[in-house]
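Step one of this worksheet: look at the structure below.
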Amino acid sequence: MIEKNSDKSNEVGKICTELTYGTWRKQGNWAPLTVTGAKGTYFTDSVGKRYLDFSAQLMCSNLGHGNERIREAIDDQLARLEYVQPGYATEVRAEVSLLLKDVLPSSLTKYFFGASGTEANEAAIKTVRMFFQKERRTKIISNYNSYHGSTSGSISLTGDFRRIPVDTYYSVSGIVHSIPPYCYRCPLNLKFPECNLACADYNQYLITNEGNVGGMIVEPVTGTNGVIVPPDGYLQKIREITRENDVLLITDEVMSGWGRTGKWFAVDNWDVKPDILTTAKGITGAYLPLSLMATNKRIADYFEENYFAHGHTYEAHPVSLAAAKAAIKEYKERNLIERSRELGKKMKARLEEIKDRHRSVGDVRSIGLFGAVELVKDREKKTPFNSYREKIEGKPLMTDKISRRAMEMGVYINNWLNHFVIAPPLVISEEDMTKGLDTLDECLKLSDEEVS
C-alpha cells in the first residue's frame, strides 16, 4: 500500500514510466498522475486530492466508481466459477444473453463476447468476410475521422491520424474510407439541409465503383474525434443504401452505447436496425474488460452450416459477464437511460451558452450526456489551434493547457487535438455537472487570450 505524501507516491509514477508504455504518445514526456482510489463521480490521487471525473475516464465509467452491486456480483462469480473455457455454457452467459436481447436493437439475435472494443470490431471484419467468402466481397467502407481500435484490422478501419504511422506495414487490405457527416467541417464544403446528405449518397458511388463491398462500419455518433452527431436522415440513408446493395451495416457503439446518448444505443435515436453492432466500455461500466459483437438472424443462420472461424481464450469470461449482468440491471433499475436524456438537455443548453461566451469556441455538439467543445483560433475561418502532426511530435496543445488548468481546479476533462469530450458518468448529480461546466467555462479564458 502506497501511503499519501510519501516518497513512494513519486516512485509509483517513476516505475510506471520506466517499465510500462504510455499509450498514443512519445514515451519521454510521459509524467502520469498516480491515482489511488475512486468513489462515485470522483477519483483521488496519491496525495489525497479529489477530481471530478467529467469524462468518465475514457468515456467508459458510465456508472461511476465503487458501485457495490457490480463489486458484489464480481465477488460472487469469483467464488462460484472464476473461469471456464468458452466452449462450455454457463449460467451467467445465458443470463446476460437474455438481458441483451431485451435492450439491443431488435434486429440483433446472436452474440459474441470479447475483451475490448477493438476485438469486437476485429470480429465484425472477419464475420463480414466469412459471410461473403463465396462471393469474395471482402471490402469494408469506413469513414474518415473515425476510430475503431488499435489492432490490425481495427486500426485499418480507423479514419484518423493514429492509422498513419502504421499504415504501410500493419494495416489490412480492403478498407475504403468515405466522407464523415461532419457538418461543422463538411469535406464537401456544403451546408445541411441544402446538401441533401451528399456525404451519405457518396457511399452509393463507392459501392458501385469499388466493387466487392461486403460491409460498411459507422460510429452512429462519432466518439473520440469530436462527438459528431449526424444530421437527421444520415443514418437512415446509410441503412437504405447498404440494404439496397446487400452490404452489411456495422454500427460501432463502443463509446456511444449504454445510455450515453440518452438511448440504450445511439442508433435507437434514429430507429436504425444494423446487421452487426459492436460495443464495449459501458457494457460493464468499465469494471472489467468485456466487449460484444451482435449479429442479425441472417448472419446467425449462415453459420449454422458454415464454419465460424473466430474465438478467444477469454471469450464469454464468466467474471466479466457477471459485471455486465449487474451493470445492465443498474442502468434499468436506476432509470439511467432516461436520466441521460433529460440531464443531457440541460447540458446542451449550457454548452450553447459557453459557445456564446467564448470566441475561441467554434462549435459545440451534444446528445444525451455526450458532448464536445471544439476550439478555433479564428471563428470565421474555423482555424484549429493545433494539427495532428503536433500531437504525434509531442508538442503541447491548447487543449492540453486547458485540461491541465481544469485538473488544478479539481476537474478531469478528456481532450483530443482541438476539442474536449464531455461525457460524465450517467449517475452524476446536477450540482457536479454544473461544477464541471463552470470549470470548463473558466478555463476557456486561456484559449480566448490566443484568438486572432
* Going by the conditions given, is Ala327 crowded, with 21+ Cβ neighbours inside 10 Å, under 19 Å from the mean Cα position of the chain (by Cα) and aliphatic (A, V, I, L, M)? -> yes
* First in region 82-109 and closer than 19 Å to Lys332 by Cβ, second anywhere and acidic (Asp, Glu) and surrounded by 18 or more Cβ atoms within 10 Å (Cβ to Cβ), Cβ under 7 Å, 6 or more apart -> Pro105/Asp268
* Is it the case that Thr251 is in contact with a strand residue (DSSP E or B) (Cβ under 8 Å, 6 or more places away or on another chain), surrounded by 24 or more Cβ atoms within 10 Å (Cβ to Cβ), closer than 16 Å to Phe370 by Cβ and not basic (Lys, Arg)? -> yes
* Asked: What helices (runs of 4 or more DSSP H) lie completely within region 360-452 and have 3 or more residues being within 24 Å of Asn145 (Cα to Cα)?
  -> 388-393, 398-408
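State yes or no: is Glu315 outside any loop (DSSP other than H, G, I, E, B), among the acidic types (Asp, Glu) and in the same structural domain as Leu235 (by TED's automatic domain parsing)? Break it down into steps so the answer makes sense when it comes.
Values: outside any loop (DSSP other than H, G, I, E, B): no; among the acidic types (Asp, Glu): yes; in the same structural domain as Leu235 (by TED's automatic domain parsing): yes.
No: the conditions fail for Glu315.
Got a sec? Which of Arg80, Arg69 is basic (Lys, Arg) and under 24 Å from Glu338 (Cβ atoms)? Before the answer, list the steps.
Details: Arg80 fails: under 24 Å from Glu338 (Cβ atoms).
Of the residues listed, the single one that is basic (Lys, Arg) and under 24 Å from Glu338 (Cβ atoms) is Arg69.
Consider Val92 carefully, then state whether it is surrounded by fewer than 19 Cβ atoms within 10 Å (Cβ to Cβ), among the β-branched types (Val, Ile, Thr) and modelled with pLDDT of 95 or more. Can you show your working first?
Numbers: surrounded by fewer than 19 Cβ atoms within 10 Å (Cβ to Cβ): no; among the β-branched types (Val, Ile, Thr): yes; modelled with pLDDT of 95 or more: yes.
Here the answer is no, as Val92 does not meet what is asked.
Which residue out of Ala56, Ala73, Ala38 is assigned by TED's automatic domain parsing to the domain that holds Thr439, buried (at least 16 other Cβ atoms within 10 Å of the Cβ), under 21 Å from Asn335 (Cβ atoms) and aliphatic (A, V, I, L, M)? Please lay out each step first, then the result.
Values: Ala73 fails: assigned by TED's automatic domain parsing to the domain that holds Thr439; Ala38 fails: under 21 Å from Asn335 (Cβ atoms).
Unique residue meeting the criteria: Ala56.
Scanning for something out of contact with any Asp or Glu (no Cβ under 8 Å at 6 or more places or on another chain), outside any strand (DSSP E or B) and surrounded by fewer than 16 Cβ atoms within 10 Å (Cβ to Cβ), does region 343-351 turn up at least one residue? Give the steps one after another, and end with the answer.
Taking region 343-351 as the starting set, the residues that turn out to be out of contact with any Asp or Glu (no Cβ under 8 Å at 6 or more places or on another chain) are 344-345, 347-351.
Now drop any that are not outside any strand (DSSP E or B), which leaves 344-345, 347-351.
Keeping just the survivors that are surrounded by fewer than 16 Cβ atoms within 10 Å (Cβ to Cβ) gives 345, 349.
Within region 343-351, one or more residues are out of contact with any Asp or Glu (no Cβ under 8 Å at 6 or more places or on another chain), outside any strand (DSSP E or B) and surrounded by fewer than 16 Cβ atoms within 10 Å (Cβ to Cβ).
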* Asked: When both residues are 6+ apart or on different chains and their Cβ atoms are under 6 Å apart, which pairs have a first residue that lies in region 135-158 and is under 23 Å from Asn245 (Cα atoms) and assigned by TED's automatic domain parsing to the domain that holds Cys183, and a second that is part of a strand (DSSP E or B) and among the hydroxyl-bearing types (Ser, Thr, Tyr)?
  -> Ile141/Ser178; Asn143/Ser178; Leu157/Ser142
* How many residues does region 102-116 contain that are in a strand (DSSP E or B) and of a type in the set (Val, Ile, Thr)? -> 1
* Could you figure out which of (1) free of Cβ contacts under 8 Å to residues at least 24 places away in the same chain; (2) over 24 Å from Pro180 (Cβ atoms) isn't true of Phe132? => (1)
* Structure fact -> Scanning region 223-266 residue by residue, those of a type in the set (Ser, Thr, Tyr) and over 21 Å from the mean Cα position of the chain (by Cα) turn out to be Thr242
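Among the residues of region 355-365, are any under 19 Å from Glu430 (Cα atoms) and surrounded by fewer than 22 Cβ atoms within 10 Å (Cβ to Cβ)?
Checked against the condition, which is being under 19 Å from Glu430 (Cα atoms) and surrounded by fewer than 22 Cβ atoms within 10 Å (Cβ to Cβ), region 355-365 yields no hits at all.
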* How many residues does region 191-243 hold that are within 30 Å of Leu58 (Cα to Cα), among the polar types (S, T, N, Q) and surrounded by fewer than 16 Cβ atoms within 10 Å (Cβ to Cβ)? -> 1
* Quick check, is Trp24 within 27 Å of Thr313 (Cα to Cα) and modelled with pLDDT under 95? -> yes
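Taking region 84-120, which residues are of a type in the set (Asp, Glu) and more than 24 Å from Gly223 (Cβ to Cβ)? So that I can check it myself, show each step before the final result.
Step one: filter region 84-120 for residues of a type in the set (Asp, Glu), giving 91, 95, 102, 119.
Listed by number, the residues that qualify are Glu91, Glu95, Asp102.
Of Gly282, Gly257, which residue is touching a residue at least 24 places away in the same chain (Cβ under 8 Å), in contact with a Phe, Trp or Tyr (Cβ under 6 Å, 6 or more places away or on another chain), assigned to a helix (DSSP H, G or I) and of a type outside the set (Val, Ile, Thr)?
One residue alone meets the criteria, Gly282.
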* Mind listing just one residue for me: the one in region 150-185 that is of a type in the set (S, T, N, Q) and part of a helix (DSSP H, G or I) and, of those, surrounded by the most Cβ atoms within 10 Å (Cβ to Cβ)? => Ser154
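Which residues, taken from region 111-135, are among the charged types (D, E, K, R) and in contact with a Lys or Arg (Cβ under 9 Å, 6 or more places away or on another chain)? Outline the logic, then answer.
As a first pass, look at region 111-135 and keep what is among the charged types (D, E, K, R): 119, 122, 126, 129, 134-135.
Across region 111-135, the qualifying residue is only Arg129.
What residue, among those in region 42-76 that are of a type in the set (Val, Ile, Thr) and under 14 Å from Glu408 (Cα atoms), is modelled with the highest pLDDT?
The first filter runs over region 42-76 and keeps only residues of a type in the set (Val, Ile, Thr), leaving 44, 47, 70, 74.
Among the residues that remain, those that are also under 14 Å from Glu408 (Cα atoms) are: 44, 47.
Details: Thr44: 98, Val47: 94.
Top of the filtered list is Thr44.
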* Return the total of residues in region 417-433 being in contact (Cβ under 8 Å) with a residue 24 or more places away in the chain and either surrounded by fewer than 20 Cβ atoms within 10 Å (Cβ to Cβ) or in contact with a Cys (Cβ under 6 Å, 6 or more places away or on another chain) (or both). => 3
* Enumeration of residues in region 126-149 that are small (Gly, Ala, Ser) and either more than 24 Å from Met255 (Cβ to Cβ) or surrounded by fewer than 24 Cβ atoms within 10 Å (Cβ to Cβ) (or both) -> Ser146
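The values are calculated or read from the model by the stated rules, or taken from the named source; none is laboratory data. For clarity, every value in this text was computed on a predicted model and none was experimentally measured. Cβ atoms come from the backbone with ideal geometry, glycine included; neighbour counts cover every protein chain shown.
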